[in-house]
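Please read the structure below before turning to the comments.
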Amino acid sequence: MRIVLLGPPGAGKGTQATILADELGVPQISTGDIFRANVGAGTELGVLAKKYMDAGDLVPDEVTVAMVEDRLAQADAANGYLLDGFPRTVAQAEALATLLDKAGQPLNRVLEIRVPDEHIVERLAARVTIVDGVETQRDDDKPETVRRRLQVYAEQTAPLVDFYSRAGLLRSIDGVGEVTEVTERALTALRSE
Ligand code: ADP
């Protein structure tokens, strides 16, 4: 199964991606996680990505596409994967399609998780992670950055809903509810014809 997860920041993509990847027996490939790991390790890619991430903007397409291409070439991705946070622009979706066409490995499904804006700002403001035993907020979860990320989603990523709908790949589910409820909806949608 080659699957793309689509949805605004705070839709619960990451949470669902981990559960679904496990359930389906494929690796979860999250571009946000890969960028954050590079930022943490202070790599050249991380230094470059951080500027964009802190502003709530997208890392340039050529950088992101090259990174994903490398990741998809790794052995664990040979039998499928769940992409979380990629593609995020029409140019990225086109680059992915070209790459997969060449390999003769088309996408099977694109799952859109829908959550209204008012839920999102609330969810992200409340989101904390524990780092070294201390509750911390992601730098890009500050209210002004969240607003920018939502704007970027509406402008650059939302067009992918149409893009994949025309390709007949799109399945959309409601992302409001308990995590387990949303997982059930996702599995039903992914298994439907
Ligand atoms: P969220 O889905 O909550 O916005 P992510 O962890 O997916 O968070 O992404 C965090 C940041 O990483 C994005 O705001 C962006 O700067 C960068 N990023 C992640 N994926 C991509 C991508 N496919 N293209 C460009 N930038 C990306």
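Since every read-out is calculated from the coordinates, none of them should be taken as a lab result. Just so it is clear, the model here is predicted, and its values are computed rather than measured. Cβ atoms come from the backbone with ideal geometry, glycine included; neighbour counts cover every protein chain shown.
Observations on the model:
- Kirkwood Rh in Å, taken over all unlike Cα pairs in the chain: 17.1
- Each Cα pair under 8 Å and six or more residues apart adds its separation to the average, and for the chain the resulting relative contact order is 32 percent.
- Gain on full extension, evaluated as 0.36 nm per residue between Glu94 and Arg166 minus their Cα-Cα distance, stands at 24.6 nm.
- Surrounding net charge for Arg123, when Lys and Arg each add one and Asp and Glu each subtract one, Cβ distance under 15 Å: 0
- For the chain, built as a Gaussian network whose Cα springs stay under 10 Å, the top-fluctuating residue of Tyr52, Tyr81, Tyr164: Tyr52
- For the chain, a Gaussian network of Cα nodes joined below 10 Å ranks Val121, Val179, Val131 by mean-square fluctuation, and the top entry is Val131.
- Reachable lysines, given that their alpha-carbon falls under 30 Å from the alpha-carbon of Lys51 and they are not under 8 places away in the same chain: Lys13, Lys142
- Unit charges on C-beta of K, R, D, E only; dipole of the chain, Debye: 240
- Computed across the range 1-80, the Kirkwood radius stands at 13.7 Å (inverse of mean 1/r, all Cα pairs).
- Residue among Ser192, Ser172, Pro159 farthest towards the positive dipole end of the range 59-193, charges placed on Cβ: Ser192
- Inter-part distance, the range 2-62 to the range 130-182, computed on C-alpha centroids, equals 11 Å.
- Residue with peak Gaussian network fluctuation, the chain [Cα springs, cutoff 10 Å], from Val47, Val182, Val134: Val134
- Above 17 Å, the calculated P(r) of the range 119-193 contains 64 percent of its Cα-Cα pairs.
- Charge sum, other residues only, whose C-beta stays under 10 Å from Leu170's C-beta, Lys/Arg counted +1 and Asp/Glu -1: +1
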